[in-house]
There are 2 protein chains.
Amino acid sequence: MVRKRLDDSHCAVARALNEVGDWWSLMIVLQAMYGVRRFSDFQQALGIAKNILCDRLARLVEHQVLAKVAVGEQGSRHEYRLTPKGRDLFTVVVALRQWSDRWHPDSRSPGMHDRAEGQPLQELYVSSSDGRRLDVRDVILQPADARKDTA
Amino acid sequence: MVRKRLDDSHCAVARALNEVGDWWSLMIVLQAMYGVRRFSDFQQALGIAKNILCDRLARLVEHQVLAKVAVGEQGSRHEYRLTPKGRDLFTVVVALRQWSDRWHPDSRSPGMHDRAEGQPLQELYVSSSDGRRLDVRDVILQPADARKDTA
DNA sequence: GCGATTCAGTTGCGTTTTGCAACCATAGGC
DNA sequence: GCCTATGGTTGCAAAACGCAACTGAATCGC
């Protein structure tokens, strides 16, 4: 999907959504963060149709969120691994997950823990350069305009 | 869109994506954060078809991300305003935007500034309870499983 | 070496979602 | 009453999606 209409958009969020903004793409990235690397494992974990998975993996590789790495004896098998850019989506995933947990308390999410200490993670929040916690209304956002014919 | 398949998923990210995980929904929320409230203004700002906009707004209202507020003389006109839950997506939007800015340096995003001080915002990052900055690999993520037949 | 199996796709086809445009319905101006 | 603006709804074509069946290469069993 992703109707590439806003490819040329100057809006950073629009461009981000162009790369990982459809349902499956972020779920694939999430699975990759869980350690999934093989085509068939993604397929099983997500219950996604193979053609869609193919398409999404290709798109994620194209956008350098994943890298397709040949593996195995004659390079016949391969894996999809997160690139640094892909790993950097971690913040986004954590933000989404924390949002979900805050507003769907019924969720029995196992929670995320620091590997070293076993402690839960801190909640993400937007803060100013001097450390004050900020709400949307405390921030000046300039549209940067979603359409090309900005005006 | 959003094939409600994973509605019953225990995966927090999946449920979040169910509510705001399609292309337009997050763009609408973003516009709302910019201060857009009226149907026609969303339509103009995004260049979205009216039926889709209708559908997305209704879904966002249903999920309590936006609230439809009657306004004007006889309540004929109305506005869509962010609820607290919607405003709380700010972290997600900022995370996405910062990610995009980091990996698309060509982007001339005007940047986001603290209204009080005029300073740019801090970069979001995931941190442990004792403040160490964490990468994906420093965190224990439990799948919580994307499929219902969890096992 | 030969068939069976696994993995990673691709192809076909029918269903669902999009997106565009054109059409209602109500309110207000004049 | 006629015109415009706002906020939708409807119809239809095109694209995306999901399923299942098929391909093609590599590996396994023997």
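Just a few scattered comments:
- Per-copy distances of the B:ILE52 label point, shortest first, in nm (7 angstrom along Cα→Cβ): 1.8
- Within region A:21-128, the trypsin sites (Lys or Arg not before Pro) that combine a DSSP coil assignment with at most 11 other C-beta atoms in a 10 angstrom radius are A:ARG108.
- When chain B is turned onto chain A, its residue with the beta carbon nearest the axis, and that distance in whole angstrom, is B:ALA95, 2.
- Inter-copy separations for A:GLY118, label at 7 Å along Cα-Cβ, nm, ascending: 5.1
- Under 13 Å, Cβ to Cβ, from B:MET112 - net charge with Lys/Arg +1 and Asp/Glu -1: -3
- A:TRP24 accessible area, assembled protein chains, probe 1.4 Å, Å²: 30
- Each other copy holds its own label point for A:ASP106; taking that point as 7 Å from Cα along Cα to Cβ, the gaps run 4.6 nm, nearest first.
- Counting only protein heavy atoms and using a 1.4 Å probe, the accessible area of B:ILE140 comes to about 60 Å².
- Counting Cβ atoms of other protein chains within 10 Å of each residue's Cβ and taking the mean over peptide B:26-39 gives 3.
- Peptide B:41-51 - average C-beta neighbours from other chains (10 Å radius): 2
- Net dipole in debye of region A:5-138 [+1 Lys, Arg Cβ; -1 Asp, Glu Cβ; about Cα centre; nearest 20]: 280
The values are calculated or read from the model by the stated rules, or taken from the named source; none is laboratory data. Worth saying up front: this structure is predicted, and the values here are computed from it rather than measured. Ideal geometry is used to build each Cβ from the backbone, glycine not excepted, and the neighbour counts take in all protein chains shown. What goes into the accessible areas is simple: the full protein's heavy atoms, side chains included, and nothing from ligands, DNA or RNA. Shrake-Rupley method; radii C 1.70, N 1.55, O 1.52, S 1.80 Å.
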